[in-house]
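What follows is a short report on a single structure.
The values are calculated or read from the model by the stated rules, or taken from the named source; none is laboratory data. Please read all numbers here as calculations on a predicted model, not as lab measurements. Note: ideal-geometry Cβ built from the backbone for every residue, glycine included; neighbour counts use all protein chains shown.
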């Protein structure tokens, strides 16, 4: 996950998300992170600033919708001191968008688990709009201050609950409200939307930083070069 600070060089928020597992994703040019309730997914400390105009975007592949609701992305101060922005799956498979720590928009449709979904939440200080799979699903008139410094939470909210089992990829935070045409273009850019996540650890694309008992990626490549098995999540 990268943070574009406007310097021309994108800065990594963290070297790794502890406990997440690498899988192939919905594009052919990168991996997703597969999260479980044991994943420690708070990234950085107040590293992403929002004003009163912003967009939050992510792809999610939920394994199941559980009774506790499953946060995909949340922005807020550590411990939830600032208003929480973001979106989550609820038990019915609908998508809910947050602003000011409360649900402001809910999709009228339920979506299938074990499938890739593209979610975008935009705010222009007039309305909060939510898009799922390239289409506007709901909007609400909202005028509230959201200027704050945020930590970023994946697969959990800012107090460490609402965890689920899902893959997450291509999380992005923008300082503008994306247009409907831009959202649709982002959705259409994914070329493997119909694919299942496949375990992808051990290759050049993924390393285990800071874990001394794991062989170096180059050695893993040699060890795994004779392995011809893949393990899809079904």
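Per-structure values
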| read-out | value |
| --- | --- |
| Residue selected from segment 30-88 under the condition at negative phi, in contact with a helix residue (DSSP H, G or I) (Cβ under 9 Å, 6 or more places away or on another chain) and modelled with pLDDT under 85, by the criterion surrounded by the most Cβ atoms within 10 Å (Cβ to Cβ) | 42 |
| Some residue of segment 171-184 being within 17 Å of residue 26 (Cα to Cα), free of Cβ contacts under 8 Å to residues at least 40 places away in the same chain and buried (at least 19 other Cβ atoms within 10 Å of the Cβ) | no |
| Test: residue in segment 60-78 that is assigned to a helix (DSSP H, G or I), over 16 Å from residue 119 (Cα atoms), touching a residue at least 24 places away in the same chain (Cβ under 8 Å) and touching a strand residue (DSSP E or B) at 6+ places or on another chain (Cβ under 9 Å) | yes |
| Among (1) at pLDDT 85 or above; (2) in contact with a strand residue (DSSP E or B) (Cβ under 6 Å, 6 or more places away or on another chain); (3) surrounded by 14 or more Cβ atoms within 10 Å (Cβ to Cβ) - the single one residue 134 does not satisfy | (2) |
| Yes/no for residue 199 being closer than 21 Å to residue 88 by Cα, in contact (Cβ under 8 Å) with a residue 60 or more places away in the chain and surrounded by fewer than 19 Cβ atoms within 10 Å (Cβ to Cβ) | no |
